[in-house]
Each structure stands twice: as C-alpha cells, then as structure tokens.
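Working notes for the structure below.
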Amino acid sequence: MHELNQRLANLSPEKRQLLLERLKQVKPNAIGPQPRTGEPLALSFPQQRLWLLDRLEPQNPTYNIPQAYRLRGVVDVGRLRDSLNRAIARHEALRTVFQERDGQPQQRILPHLTLALPVIDLQPLPPQERERQVQQQAIAAAQFAFNLSQGPLLRALLLQLDSADWVLLLTIHHIIADGWSIGILMQELSRLYVCAALPELPIQYADFAVWQKQTFGGEKREVQLAYWQQQLAGVNSTLTLPSDRPRPAVLTSSGATQSLRLSASLSQDLKLLSQKAGVTLFVTLLAAFQTLLYRYTQQVDIAVGTTVSGRDRAETQSLIGLFVNTLVMRTDLSGNPSFRQLLNRVRQVAFGAYAHQDLPFEQLVEELRLERSLSHTPLFQILFQLQNLPMTPLSLPGVEVSRLPFDPGTARFDLTLEMVETEDGLMAIAQYRTDLFTAQTITRMLEGYQTLLAGIIANPDRAIATLPLLTPAEQHQLLVEWNNTQVDYPQQGCLHHWVEQQVEQTPDAIAVVFENHSLTYRQLNLKANQLARHLQSLGVGVETLVGISTERSLEMVIALLAILKAGAAYVPFDPTYPKARLAFMLQDSQVQVLLTQSHLIESLPQHPAQIVDLESDFSTYPADNLQVKVTPDNLAYVIYTSGSTGQPKGAMNLHRGVVNRLLWMQEAYGLTTTDRILQKTPFSFDVSVWEFFWPLITGARLIVAQPGGHQDSHYLVNLIQSQQITTLHFVPSMLQVFLQEPGVENCQSLKQVICSGEALSWELQQRYFSKLKAQLHNLYGPTEAAIDVTFWECHPDSQLGKVPIGRPIANTEIYILDEHQQPVPIGVAGELHIGGMGLARGYLNRPELTAEKFISNPFKPGRLYKTGDLARYLETGEIEYLGRIDHQVKLRGLRIELGEIEATLLQHPDILACTITVIRDYLAAYVVLSPQASLNVEQLQQFLQQTLPDYMIPAVFVPLAELPLTPNGKLDRSALPAPDIAPVQATFIPPRNPTETWLAGLFAEVLGQERVGITDNFFALGGHSLLATQVISRVRTHFQLEVPLRALFEKPTIAGFAERLETLRLAQRQVAPSLAGRAGRKDIEL
C-alpha cells in the first residue's frame, strides 16, 4: 500500500479530490471476476478505439510502448526470462489477442504464452559500433509490427555489449498496457527475479472490460455526454500550427523526438507560482503551452488533448492493462488576458474535464459527428501531458539499471509535449510528425516554451500576447541580422537629376523607341525641359500634383520626365479605366493640370483641371535644364491603388525611395548601354516606374510597347525578337499566358525576366524554365513602398517546392509581426511590415488611413507600413509570401489556404492556370485546360485527393478559356463568372449498377436509414468507426475481397466506395458475385 499512498500523494489536488470522493462512495457494482467459459470477451472502450486504429492502418507501430534499459552488472538471463513469463502468466492482458467476428472485435485470452528472450551478442564489435547497434536495435524493436489477432503483443530482447553490460529492450502494444502498467511490470519483474511472492490478483483486465461495458450507460453516460457536447460546441477541430511541409492527405506514423531540460530554479519557480495561484503544476504548464500555441497560430480557441489514468477504483491499481482515456482541454484565450487570469480559465476547464472523464473518447467523437479525415486526428492534433508520478524502476540485485534514451521514430499526433518531473527539474519531451515538421522547428518551439515560462515567472500579470517568446539570439536574428541592409548610395538629388546626369554621359545614344520613332537622350531631355517650362507657366511647382492621361507613346515618356523636372509629382489616370473611377481620382487628387492626348480629351470625365495637349508644340520654350529647388524628400508620384472601401487611394511616393530602389536594382541586376528594356506595364501600376526610369539612368534603351500590347502575348513575342529585348516584367498571371504563346522559345535575347504583383507559383516557375533560359527574379512590394522591397532569384534546379519573395533590398527592413506588433518566430505566419527608405509619405487626403497603416516602428526610430499581407520567415532567412490576411478562408470550421489547392492543381499536366474561390459554403475551382485535355470533375477531384484532404477538394470546376485579368495583368476575381454547375446536392441519387445497389442496401441497414443515395456520406449519416468495421466485414464476405477499413474513410460515399471496390477487384483478380444472395434491406427505392 505504500506505493498506492505515494501515487495518491503525487496526484494533482483536483485529481486527488476526485479520486478520494469516488473511493469513499459506496459502490454496489464492484468489479468482480467473470466466468471463463472459453468464449471471447468484449473489449474495453479504450481497447476498442485502438483496435479500430489498427484496422485503419494494420500493424502500425505508432501505438507501441517501447522501453530500453541499460543493465550494468551480472545478469542471469534465464532468471530474467522466467520472471517475464511468470508475469505474463499472472496478467491475462499480456497473453490476450484480438480477433474479429462479423465486424465486431473480441478479446481472446490465451491459456498459456511463453515468451522467448533472445540474446544478441554485440561483444565482437568495436565499442562505437556496439553503441550504434544498440540504437538501431532499439528503434527496430520500437517499430516492430504487432499482429493483434495472433500475438504475442509484447516482445523482449537482450543485447550483450560485455560480460557486465547489457541492454534490455521491451516493446508492448498499447492495447494491452499503458504507462502505469509499465511501472507495475517493472516492479513485479524486480520481485519475481529474486523469487519473491506476489499476492493473487482479485480480478483481471478482462473483468474490468466487461464491468465497464455493463456499468457505463444510462443517466451517467447522458450527463457526461451533455457536458462534453456543451463544452465542445463549435470547436475548431483543426489547429493550424504552422508546418514546414504541406499536410499530406494521409498521415504516416513517421516521427521524431526532442527534449529540453528546464533549469532546477525555473522548475521550482513554476511550482511556487502554481501554489500561490491555487492551481496544480499541470494547469500552469498547460496554460503556458496553450499560450504558446495561441502565439504560433493566432487562434484564441485552443483545444489540446490530454490523458487520464482511468484507475479511479482500488481494484485497478495493480492490474496491467489499458485504462487511460483521452480528454479535450478546450480553452478560450480571447481578450488577451493576463497569464494569471488565464490560469483561472484553464483551472475551470481542467476541473470540468476531470469531473466528466469517464466518457470514452471514441464515443465522444462519434456523438459529435465530426468530419473524418485521414489527414488529421479528430478534435485535436496536439497532446499535452505531465508525468509527475515517479516511474517504478527495474531493480535487479547486483545490477545498475538505468533507462536508455532513444528516438523510436514514430508519432501518434502532430505534436505531443510531455513534461516530466525529474530530480534535476522539469524535462520537456516533444514527439512530432516528421511529415509536417523539421527538427529545427521543434527545437525552436521548445526554446520558445522555455522563454515563455521564464517570462511568466518574471511577470504573471503580463498579457499573454506580449509575454516573451523569442530567445535573445532569435530576436536579434529576426530584427537586426536579417535587416542589415544599409548601403550608402550617392546622394545626387532626385530622379530626374539622375536622368540628366546620364544625358551628359550618352547624349546621342538612343534613349527611347516607340514603334518606328525614337529619341536620343539629348532629344528626350530637351523636349522634357520645354514641356516642364510650359507647366511652370501654368503655375506648376514643387509638390504640385499634375495629372497625366495618355496611351503609351513617346509623349508619355516626355511628359513623365517633364513633370518631375518642374518639381511636381505625376498622377497617372489610365484612359482605359471606367469613367466613374477616373472621376473619383480626379476629384480626390484635385489636380490643377492634366496632360493628355487630343483624341482622349472627349473621353475624360468632367473636371476643372487645365488641359495640356501633349501633341502641341512646346519648342518656343528654352531647352536647358531647369533649376528647381526640389529635394529627395519631395513627392515624385501619386499612384492610386485599390482600397478596401471600394474607392481607390493615392499612395504618395518620394524621390528618395524611388532613387534608392533604382540604385539597388542597378547594383543587383546591372544594366549596360547594350540592354533594351520593354516598357509594357500600365503607368497606373508602380512597376512602370522602374520600367521608365531604370534604363534612362543607366544609358540603356527603353522600348515602349504599343497601347494594349501588354495583354497580347503574340505581339510581345514578336516585339521581343524584333527589338532584341533583354529585360522585361510580367505579372505571374500574364507570364502564364505568355508562356503558352507559340514561338516563345525563340525569345533568345532575354537575359532576365522580373515577376511581381502576384504570388509566383512553383509550377509557373518550373514551366518558365522549361521554355526560357533567361534569369527569373521574383520581387515583392506594395505601391506604398517605392515599388519593390524584397527580391529572390529563381533557380531551375531548386528543390524548395515554393518560390519565396526573398530578402529585403538595400536600406529596407522587413518585420513579420502578430496583431500585437510582436515579432513571430521563424516559420510562423504574421503580417509583413516594411520599414526604411522606401516608405511612401502616406495616402493623399486620407490622414486617418495613413495613421492606421503607417505606424511607429517599435524597434527603432522611424515608421512601418502594415501591408495586410501574410508572410513567414524560412529557416534560411528568406521570406515566404502566404497571401492576404483578409482573404483567409474558413469553411465548415476548417481554415483553408486557397493557394495550397491552386498549387496542387497546377501540378496536373493539363492545367495551365487556375484559381480557387469560395462561393457560399463550397469551394469552386476555375481552370484553364490545355487544348488537348479532356478532363471531367471526378478526374480532377481524384487527382487532388491524392495529396489533399477531402475538405480542400473543390465541389465544382469551371473551365475557362483564360483567367480574366485587370489592365495591370493581375487576376481579376470580380470578373470570374458564377458557376453554372451546382455543388453536390443533398438530394437522393439512386444506384446505377448492381454493386451500388447492394452497397445502398447495406449502408441503409447498418445506418438504420430508409434509403441511402450514392452521393450520401456514410459518416454524415451517422456512421462511425465501429459501424464502418461492420460494413467492411460484410463487404469482404460478399465480394470475397480483402478490403482495408481505411477504404471507407477515403471513399465514404457509395459511388466512391464502389469504384474503390472495383479497383481492388481488378487488383486481386476477383469476379464480382451475383446479386442473388444480396443481404440487406429490400425496400430500396431506385
């Protein structure tokens, strides 16, 4: 009883109080021995769950319990083997196997089981090789595939390294034991090894299983179920913990383990904080862990799993068996509470969970009717545990026994954090899926947890959103090292001054070409000077806003340069814009002068500005350079960009930012006088700024495309070849179209292509390199920050699987912050903020919006621009763009990255372009197919199902000849047509063939439905795991097919399941049976 009292003393106050109250109660339904008639017995609830998991993925080692012990001393191998077999004889659970009858599992207790204890002699090997073999053997033992129906379900192995140096490897399947059981087994082995007597066991595990099934029901079950239904109402069943790899459609058991020891002082401080706050250490550590998850995911509804021993009755204390149950700890972290306030919330959650801990987890999942997926576990994907009971060690006389650490290479959940109390302090052990996470990410997470705990001790009243999360080294790396971009470029004035300087160097070189006309640098400069003086005569001066509405032409280039020379800032008005939009921009900007072309004057909306016809003669004005006192801190241009209110907003950009951007570009990509740059971007899009002025400050040649030419890929291919273009820009949407144009491979003059304006997909990058040899650069930047702020060079042999936006350009800082302006860890998504020289002054006439979007830099003097874009840092310091914050999609409680679906769809060889959107409550895919493609919806869905979970599969696919684009070449989502095809409806669709007819009868019978249509989801109609096993059992018998249980989870409709059966039938070369012997309901409505 001493051990029992010690275990009781070590329980948390909540658990101890509940246990004492239950043990004090009069229990007329005591657990008693059941008659052993030789007939199989029922499984307990937790056994039933593990059996189902094994049926889903047979012989999966995930639920093995591996143990490894180093034994230093003289070991009597025969005595150790006999001790193990005596323990097996003592505990029926250790000689139990699990068999299936009519789709129902049953446990069968073997009357005798003798376990071998083989010895592998490693003594002949060199010492280093011995240790390597120990690790390999330990991993192999941990990953041993048990057969539940045959057994035995435990395995032992001895490794001999020397005459007095041994390793004992013991692996037990979780279905017959739990962590508590391992302590019992070690204690009994210790006593049996010295031939000590053990008291008789009053009951066996099978007796408990029968008792549990008999007693847990009725009112008790309903009360507990009602609690959990209320507690988990509306729970987000997936936690979007940032991963390093995309979540596969079917997770594997591959995993790894890492650990971190907390200092003794921090461990003690956490215990003291818990005592002062009146909570257990478990509650404190769980609250901190949920805070960590909140900071990683920015979700305030955090649900994690935990386990309880399930041994609240005295009869179970000395039994080996599976008693544990899984609870869901769902905490509301909204409102940014202090950590002390959060402790109270978590305490209430824990107390409620413990008070209703008897409802089997699998029953809870079935009752909640959650959407099942093989890509994630139901209700939670992260488990948290505190191991504060001392594990009874193996004790052999004359032998020093210690646990041997090793990584079993498996994982049951996306992430399990186990906190273990040791004599030296708390140990944090993280087991994680290697399908999702790298070792570096988990290391960083453990270090972040430690930093968070230390911050909690320092100030438990601090709000959880601002508690420290980054280590000092990581914070310095994110804020300082990766923003070390300072470059001292020459400060030679404004943008037009750099052009004038180039005019002095190459006056007679061709500066600009439009169709059959051209201007030298001298001619361009003279004409711009004359027009600038005309503008001055109209009152234009420093910071005057001058409108310009022209088609691409030589006059456009002259006019832009002239406006700058006059000291003014240009405001482009694209003549292709709708009149209403132009009218708003004219009214909002209040331009006093508007430059245009004579044929466009009548098409402009009414406005009070003075019109300047660029086709007029300005040759009477002096042609020398103007001397205007304009500085780098004056405005260069105001470009209107889309606004969230539906009205555009004008971003005011300065000469300093634009010049810095162009000087960086020249340093990075190095134009020469032999280069020819194509100007094709509409001048209402800020990419046009570098297209116009980069060549003009470097002596290169500017080739201006004809009006509308930027949207004509055939014209562009011909122009590139005829003008020997070396550099041009594409928005990815237009690049996609361009690459489909016949003859694009002949554009051999191209040296570099620059992409920006949209996310550049991996698939498009690879398609580009299959067509062209020129360099491809991916740039990113908003209109509010002088064109571009990050850069990345694409490589055809890259294995990244994604295209980053790279690192910040010169004199620019990038910060990825959460909504509380805290820097997020590497790999975690946050809002991208921009600082440095390129920031715009703000928005024209929008002081409130300027104050909202341009904020003080919390890390150094200056401002930051809040982009509204989601991004994250990669391990190497590059930045990955993740999309717009306001375009995140949540469907049926699941957060979905539309870009992930698009990227997967683009991997299909017949999909040239696509976009995904949400229409009401379903996903719609718009696809551009290759000319020879003949795909249907089902084929596309099947293609996606190979890598994506079901909830990410679009319900409808809309074929388009091409994706609609804006004048700037970006995807125009507003122009996507409404789908003519409705998604799958909840209407009855009858079977179409004999197999579907039989399955419809079977589904209806098992589910208790009058009829089941071929598109109805088995689980949505109330099906659950046990019913699924019954279906599979009947199907196997009827069709004489070996059908895995997971087949029904992967294809839960009759149509899909029938197709899977046909695939299996062909693979197994079986003949479909006749329907003469069809079982099931006969009143199926066809």
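The values are calculated or read from the model by the stated rules, or taken from the named source; none is laboratory data. Model, not experiment: these values are computed from the prediction. Neighbour counts are summed over all protein chains in view; Cβ atoms, including those assigned to glycine, are modelled from backbone coordinates with ideal geometry.
So how many residues does region 173-203 have that are touching a Lys or Arg at 6+ places or on another chain (Cβ under 8 Å), of a type in the set (A, V, I, L, M) and either surrounded by 20 or more Cβ atoms within 10 Å (Cβ to Cβ) or outside the structural domain of residue 119 (by TED's automatic domain parsing) (or both)?
Qualifying residue count, region 173-203: 1.
Take region 991-1049 and flag every residue that is more than 22 Å from residue 366 (Cα to Cα) and surrounded by fewer than 17 Cβ atoms within 10 Å (Cβ to Cβ).
Answer for region 991-1049, where residues must be more than 22 Å from residue 366 (Cα to Cα) and surrounded by fewer than 17 Cβ atoms within 10 Å (Cβ to Cβ): 992, 993, 994, 1036, 1037, 1040, 1042.
Go through region 857-886 and give me each residue that's in a loop (DSSP other than H, G, I, E, B), within 25 Å of the chain's Cα centre (by Cα) and among the polar types (S, T, N, Q).
Within region 857-886, 876 is the sole residue that qualifies.
Output the qualifying pairs, or none if there are none: Cβ atoms under 6 angstrom, residues six or more apart or on different chains, first residue in region 502-516 and in the same structural domain as residue 672 (by TED's automatic domain parsing), second residue aliphatic (A, V, I, L, M) and in a strand (DSSP E or B).
Close Cβ pairs satisfying both conditions: 511/519; 512/519; 512/702; 513/703; 514/704.
Please tell me if residue 351 is of a type in the set (Phe, Trp, Tyr) and crowded, with 19+ Cβ neighbours inside 10 Å.
Taking the combined requirement at face value, the residue does not satisfy it.
Looking only at region 938-960, filter to residues that are aromatic (Phe, Trp, Tyr) and in a helix (DSSP H, G or I); which one of those is modelled with the lowest pLDDT?
Within region 938-960, the match that is modelled with the lowest pLDDT is 951.
Can you find even one residue in region 336-358 that is part of a helix (DSSP H, G or I) and within 28 Å of residue 253 (Cβ to Cβ)?
Checking region 336-358: at least one residue is part of a helix (DSSP H, G or I) and within 28 Å of residue 253 (Cβ to Cβ).
Scan region 455-494 for residues that are in a helix (DSSP H, G or I) and under 20 Å from residue 441 (Cα atoms) and jot them down.
472, 473, 474, 475, 476, 477, 478, 479, 481, 482
Looking for whichever is at pLDDT below 95, surrounded by fewer than 23 Cβ atoms within 10 Å (Cβ to Cβ) and out of contact with any Leu (no Cβ under 9 Å at 6 or more places or on another chain) here; the options are 647, 666. Which one fits?
647
How about region 413-429: which of its residues are assigned to a loop (DSSP other than H, G, I, E, B) and within 32 Å of the chain's Cα centre (by Cα)?
413, 414
Identify the residue in region 201-246 that is more than 21 Å from the chain's Cα centre (by Cα) and among the polar types (S, T, N, Q) and, among all such residues, is nearest to residue 92 (Cα to Cα).
Among those that are more than 21 Å from the chain's Cα centre (by Cα) and among the polar types (S, T, N, Q), it is 204.
Where residues in region 689-728 are hydroxyl-bearing (Ser, Thr, Tyr) and touching a residue at least 12 places away in the same chain (Cβ under 8 Å), which of them is farthest from residue 743 (Cα to Cα)?
Residues of region 689-728 hydroxyl-bearing (Ser, Thr, Tyr): 698, 713, 715, 722, 726-727.
Still in the list and also touching a residue at least 12 places away in the same chain (Cβ under 8 Å): 698, 713, 726-727.
Details: 698: 30, 713: 10, 726: 17, 727: 18 Å.
Restricting to residues being hydroxyl-bearing (Ser, Thr, Tyr) and touching a residue at least 12 places away in the same chain (Cβ under 8 Å), the top hit is 698.
Kindly indicate which of 103, 73 is in contact (Cβ under 8 Å) with a residue 40 or more places away in the chain, more than 30 Å from residue 165 (Cβ to Cβ) and of a type in the set (Gly, Ala, Ser).
103
Look through region 359-371, keep the residues that are outside any helix (DSSP H, G or I) and touching a helix residue (DSSP H, G or I) at 6+ places or on another chain (Cβ under 6 Å), and return whichever of them is surrounded by the fewest Cβ atoms within 10 Å (Cβ to Cβ).
360
From the list 671, 719, 702, which residue is surrounded by 23 or more Cβ atoms within 10 Å (Cβ to Cβ) and modelled with pLDDT of 95 or more?
702
For region 1010-1055, which positions are touching a Leu at 6+ places or on another chain (Cβ under 9 Å), assigned to a loop (DSSP other than H, G, I, E, B) and of a type in the set (A, V, I, L, M)?
1012, 1014, 1021, 1041, 1043, 1045
Mind telling me which of the residues 467, 479 ends up being buried (at least 19 other Cβ atoms within 10 Å of the Cβ) and hydrophobic (A, V, I, L, M, F, W, C)?
Testing whether each residue is buried (at least 19 other Cβ atoms within 10 Å of the Cβ) and hydrophobic (A, V, I, L, M, F, W, C) leaves just 467.
Within region 256-303, how many residues turn out to be modelled with pLDDT of 95 or more, part of a strand (DSSP E or B) and among the charged types (D, E, K, R)?
1
Before we move on, is residue 589 in contact (Cβ under 8 Å) with a residue 24 or more places away in the chain, closer than 29 Å to residue 625 by Cα and within 46 Å of the chain's Cα centre (by Cα)?
yes
Kindly evaluate residue 704 against the criterion of being in the same structural domain as residue 658 (by TED's automatic domain parsing) and out of contact with any Gly (no Cβ under 9 Å at 6 or more places or on another chain).
Values: in the same structural domain as residue 658 (by TED's automatic domain parsing): yes; out of contact with any Gly (no Cβ under 9 Å at 6 or more places or on another chain): yes.
Yes; evaluated as a whole, the condition is true for this residue.
Determine, yes or no, whether residue 421 is outside the structural domain of residue 194 (by TED's automatic domain parsing), at pLDDT below 95, among the charged types (D, E, K, R) and in contact with a strand residue (DSSP E or B) (Cβ under 8 Å, 6 or more places away or on another chain). Give the derivation first.
Values: outside the structural domain of residue 194 (by TED's automatic domain parsing): yes; at pLDDT below 95: yes; among the charged types (D, E, K, R): yes; in contact with a strand residue (DSSP E or B) (Cβ under 8 Å, 6 or more places away or on another chain): yes.
Yes: the conditions hold for residue 421.
Within region 722-740, restricting attention to residues that are touching a Leu at 6+ places or on another chain (Cβ under 8 Å) and among the hydroxyl-bearing types (Ser, Thr, Tyr), which residue is modelled with the lowest pLDDT?
Among those residues, the one meeting the criterion is 733.
If I go through region 503-525 residue by residue, how many of them are modelled with pLDDT of 95 or more and surrounded by fewer than 21 Cβ atoms within 10 Å (Cβ to Cβ)?
15
Quick one: is residue 111 farther than 30 Å from residue 1034 by Cα and outside any helix (DSSP H, G or I)?
Yes.
Of all residues in region 132-151, which are polar (S, T, N, Q) and part of a loop (DSSP other than H, G, I, E, B)?
Within region 132-151, 143, 147, 149, 150 meet the criteria.
When both residues are 6+ apart or on different chains and their Cβ atoms are under 6 Å apart, which pairs have a first residue that lies in region 441-465 and is more than 10 Å from residue 260 (Cα to Cα) and touching a residue at least 24 places away in the same chain (Cβ under 8 Å), and a second that is assigned to a helix (DSSP H, G or I) and among the aromatic types (Phe, Trp, Tyr)?
456/339; 460/339; 464/339
Specify which of the listed residues (624, 613) is over 50 Å from the mean Cα position of the chain (by Cα) and free of Cβ contacts under 8 Å to residues at least 24 places away in the same chain.
Only one candidate passes the filter, namely 613.
Does residue 848 satisfy the criteria of being free of Cβ contacts under 8 Å to residues at least 24 places away in the same chain, surrounded by fewer than 20 Cβ atoms within 10 Å (Cβ to Cβ), charged (D, E, K, R) and touching a strand residue (DSSP E or B) at 6+ places or on another chain (Cβ under 8 Å)? Steps first, please.
Details: free of Cβ contacts under 8 Å to residues at least 24 places away in the same chain: yes; surrounded by fewer than 20 Cβ atoms within 10 Å (Cβ to Cβ): yes; charged (D, E, K, R): yes; touching a strand residue (DSSP E or B) at 6+ places or on another chain (Cβ under 8 Å): no.
Answer is no for this residue.
Can you go through 1067, 1004, 1000 and tell me which one is modelled with pLDDT under 80 and more than 25 Å from residue 922 (Cα to Cα)?
1067
In region 318-364, what count of residues is obtained for those that are among the acidic types (Asp, Glu) and closer than 30 Å to residue 109 by Cα?
Here the count works out to 2.
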